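Only one structure is covered here, and it is reproduced in the block below.
The values are calculated or read from the model by the stated rules, or taken from the named source; none is laboratory data. Computed from a predicted structure; not experimentally measured. Every residue, glycine as well, gets a Cβ built from its backbone with ideal geometry; the counts of neighbours run over all protein chains shown.
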Amino acid sequence: MMTRLLLVLSIMCIVLPMVLGKYGQQLPQGIRDFFFDLVQHVSVEVEKADRNFMISPFSVWSLLVLLYEGSAGRTYDQLGQTLGINFSDEKLRRFLKGVNLYLASNDSDVEITMLQGLYIGTGYPIKDSYRNVMQNYKVDLVEIDFNSPDAAVQINEATNRSTRGLIPYTILPQDINGARMFLLSSLYFKGQWKLPFNKSLTREEPFYSESGEVIGKIPMMVQSANFAYVSNIEGLDGYVLELPYGTQERLAMFVVLPKRGFKLSDVANNLKTLGLRPVLQGLEDFRKRASEDNRVEVIMPRFMTSTDLALTGILKQHI
């Protein structure tokens, strides 16, 4: 059976590298809501500027968890509600430890490196109980003089190392001058698709905006292989293609393409309502009923993208 799935992305389809298995399907409801809330609100903002974007909701959430762990009273309650933490702190810590261990299980096809740093101003007191929690999260606690120009150099070097040089600069000295605390999170991912695209088959195809207008021609990667995809998830208004990484298939990229007449922000909002379960179940059902010779022709852009977002306003207004 041959199915042609033309993934000519709009302004930016949602590209979600998600953990398959227990952490993908059993992600707590509140945390899932935070993830998709963030994606949806960011998509609305960048839509105004007609921009592409890429974001790691988990990185944002996990950084705010570090603030949650150090808070008390009303701030503690409000952060917990915003982050979807409606269970005990012990369960939260077990959950994060499990996710980190799962992601850290690198193999020859997939490499993931996470860095979370907590930079403390010289002489700024930190309770031992908080230090212990940070050690449990494997967060680097570094005492630093924020008024020194070397502070920015030190922080930028940490990001540069953890991302293999892909993010050489994170901050400028004036960004942290006079600060008491600085939180840093970076996530490096390098994965070999289970079914790589053949470079020699790349060809130019039209590229469309969300309104359906052709805005130019770009190189498209082309491949026919046994991929899983779903087009009939009720309430999603989008198509989903699964591109697994590595031979173990622990991780996969889900490419979600809005259907004609729908925007990225619409699909992001629908994902918040539906969650991951119907998406994962739809892909699993497809794999079960598809024949061994099932072949899906995929045409998707060869792309590089970088994003520079100030999330402060979005978090204040919407989250």
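Here are the numbers:
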item	result
Some residue of region 251-267 being surrounded by fewer than 13 Cβ atoms within 10 Å (Cβ to Cβ) and among the basic types (K, R)	yes
Where G282 falls short, out of the listed (1) outside any loop (DSSP other than H, G, I, E, B); (2) under 19 Å from the mean Cα position of the chain (by Cα); (3) more than 26 Å from S108 (Cβ to Cβ)	(2)
Per-region count, region 289-312, residues exposed (fewer than 10 other Cβ atoms within 10 Å of the Cβ) and farther than 28 Å from N198 by Cβ	3
G24 vs. criteria small (G, A, S) and either on the phi > 0 side of the Ramachandran plot or at pLDDT 80 or above (or both)	no
Filter result (over 10 Å from E69 (Cβ atoms) and without any contact (Cβ under 8 Å) to a residue 24 or more places away in the chain) within region 83-100	S88, E90, K91, R94
Any hit, region 48-65, residues being over 25 Å from N270 (Cα atoms) and either among the small types (G, A, S) or outside the structural domain of S211 (by TED's automatic domain parsing) (or both)	yes
Enumeration of residues in region 27-69 that are assigned to a loop (DSSP other than H, G, I, E, B) and of a type outside the set (D, E)	L27, P28, A49, R51, N52, F53, M54, I55, S56
Test result for L96, surrounded by 13 or more Cβ atoms within 10 Å (Cβ to Cβ) and either touching a strand residue (DSSP E or B) at 6+ places or on another chain (Cβ under 9 Å) or outside the structural domain of V65 (by TED's automatic domain parsing) (or both)	no
Candidates E157, E111 - the one that is within 27 Å of the chain's Cα centre (by Cα), modelled with pLDDT under 90 and either charged (D, E, K, R) or closer than 14 Å to F182 by Cα (or both)	E111
Selection status of L118, under 22 Å from the mean Cα position of the chain (by Cα), at pLDDT 90 or above, farther than 24 Å from E157 by Cα and surrounded by 12 or more Cβ atoms within 10 Å (Cβ to Cβ)	no
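Results for (1) assigned to a strand (DSSP E or B); (2) under 21 Å from the mean Cα position of the chain (by Cα); (3) at negative phi, shown as yes or no for each residue.
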| position | (1), (2), (3) |
| --- | --- |
| D175 | no, no, yes |
| L183 | yes, yes, yes |
| P196 | no, no, yes |
| F207 | yes, no, yes |
| I215 | yes, no, yes |
| G235 | no, no, no |
| P244 | yes, yes, yes |
| A252 | yes, yes, yes |
| F262 | no, no, yes |
